[in-house]
1. I want to confirm something. Restricting to the range 43-59 and keeping residues that are out of contact with any Pro (no Cβ under 8 Å at 6 or more places or on another chain) and loosely packed, with under 15 Cβ neighbours inside 10 Å, which single residue is nearest to GLY121 (Cα to Cα)?
2. Report yes if some residue within the range 93-103 is in contact with a Lys or Arg (Cβ under 8 Å, 6 or more places away or on another chain) and among the polar types (S, T, N, Q); otherwise report no.
3. Would you be able to say whether some residue in the range 69-85 is more than 19 Å from LYS119 (Cβ to Cβ), touching a Pro at 6+ places or on another chain (Cβ under 7 Å), touching a residue at least 24 places away in the same chain (Cβ under 8 Å) and of a type outside the set (Val, Ile, Thr)?
4. Is there any pair with a first residue in the range 39-56 that is at pLDDT 95 or above and a second that is assigned to a helix (DSSP H, G or I) and among the small types (Gly, Ala, Ser) whose Cβ atoms are under 9 Å apart and which are 6 or more apart or on different chains, and what are they?
5. Go through the range 57-94 and report how many residues are out of contact with any His (no Cβ under 7 Å at 6 or more places or on another chain), modelled with pLDDT of 95 or more and more than 20 Å from GLN111 (Cα to Cα).
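The values are calculated or read from the model by the stated rules, or taken from the named source; none is laboratory data. Note that this is a predicted model, so its numbers are computed, not measured. All Cβ positions, glycine included, derive from the backbone under ideal geometry; neighbour counts span all protein chains shown.
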Amino acid sequence: MVLAGCASAPLPPPTPPRTTQQPTTIITTPQTGVSRAQLDAAGNACEKRVADAVKTRYPQPGSVMMMPDRERIAQQTTNQTSISGEGTFEPDASEEAMAFRYTCLYNMRTQRVDDVQMKYGPH
């Protein structure tokens, strides 16, 4: 039995798929034993309170979007973490998106948001 050979050049190896880097939150924390999970919980609690603050001021908002690449988490003291960031929302279906900035203080001991400050308008 005779097998026929192929004289064509070998194919080049496939190029690996490109991975896009997701926006990340910047975390600044002193060496106090706070875990990433605790800081994530602080960020999540603050994002919920920020969205609630937008909905209180603008009762019929469209989608509220936080910008993960603009979020900063910094531990202020053993018990208090500050989260600041930016986002956008649509005040209602007929208007363009509006920008906002926020600063949130999260209490690690009570696991509650102590304060939220909002600034609306252009950055």
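1. Only one residue fits best here, namely ARG57.
2. Going residue by residue through the range 93-103, those that are in contact with a Lys or Arg (Cβ under 8 Å, 6 or more places away or on another chain) are 100-102.
If we keep only those that are among the polar types (S, T, N, Q) too, we end up with none.
Taking every residue of the range 93-103 in turn, none turns out to be in contact with a Lys or Arg (Cβ under 8 Å, 6 or more places away or on another chain) and among the polar types (S, T, N, Q).
3. yes
4. Sorted first by the residue in the range 39-56, then by its partner, the list stays empty.
5. Qualifying residue count for the region: 1.
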